[in-house]
1. Full-extension gain between residue 34 and residue 61, please, as 0.36 nm times their residue separation minus the C-alpha to C-alpha distance.
2. Could you tell me the calculated FRET efficiency between residue 48 and residue 9, based on Cβ-Cβ distance and R0 = 30 angstrom, to the nearest 0.05?
3. Want the number for residue 18 to residue 72: 0.36 nm per residue separation, take away the alpha-carbon distance, what's left?
4. HN-Hα J couplings of segment 41-52 from phi, Karplus 6.51/-1.76/1.60, θ = phi - 60°, integer Hz, Gly and Pro as x?
5. Under unit Cβ charges (Lys, Arg +1; Asp, Glu -1), what dipole magnitude, rounded to 20 debye, does segment 5-97 have relative to its Cα centre?
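Since every read-out is calculated from the coordinates, none of them should be taken as a lab result. As the structure is a computational prediction, the values presented were derived from the model and not from experiment. Cβ placement follows ideal geometry from the backbone for every residue including glycine, while neighbour counts extend to all protein chains displayed.
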Amino acid sequence: MDAPFWETKSLRAMTEAEWESLCDGCGRCCMVLLEETDSGRLYETNVACKLFDVARRRCTNYAARQKLVKDCVKLSPGNAASLTWMPETCAYRRLARG
């Protein structure tokens, strides 16, 4: 039996479908964060993006989210390692750390 793709591929080698399938639907990337200008410190809020469906834990317009929400964070292999505000259980964050 073959090992799961996330054990054999780097984040950058994954297809878009493989990458997207890693999401566990926590919704953390859809929550509004406030950043202190001077220190860069991030503060969590309980405010979700206007496109986030809390019941389904998914974006209601995922394909156009970055056009509709200017501050939408697109998780990618390039920024996965810096997602310190995502939960420890986030697959993107965990795989980026190795």
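1. 7.4 nm
2. The formula returns an efficiency of 0.45 here.
3. Contour length minus Cα-Cα distance gives 17.4 nm.
4. For segment 41-52, the Karplus-derived couplings read 5, 9, 10, 7, 10, 10, 9, 9, 3, 5, 8, 7 Hz, x marking Gly and Pro.
5. Using Cβ point charges on Lys, Arg, Asp and Glu, segment 5-97 gives about 240 debye.
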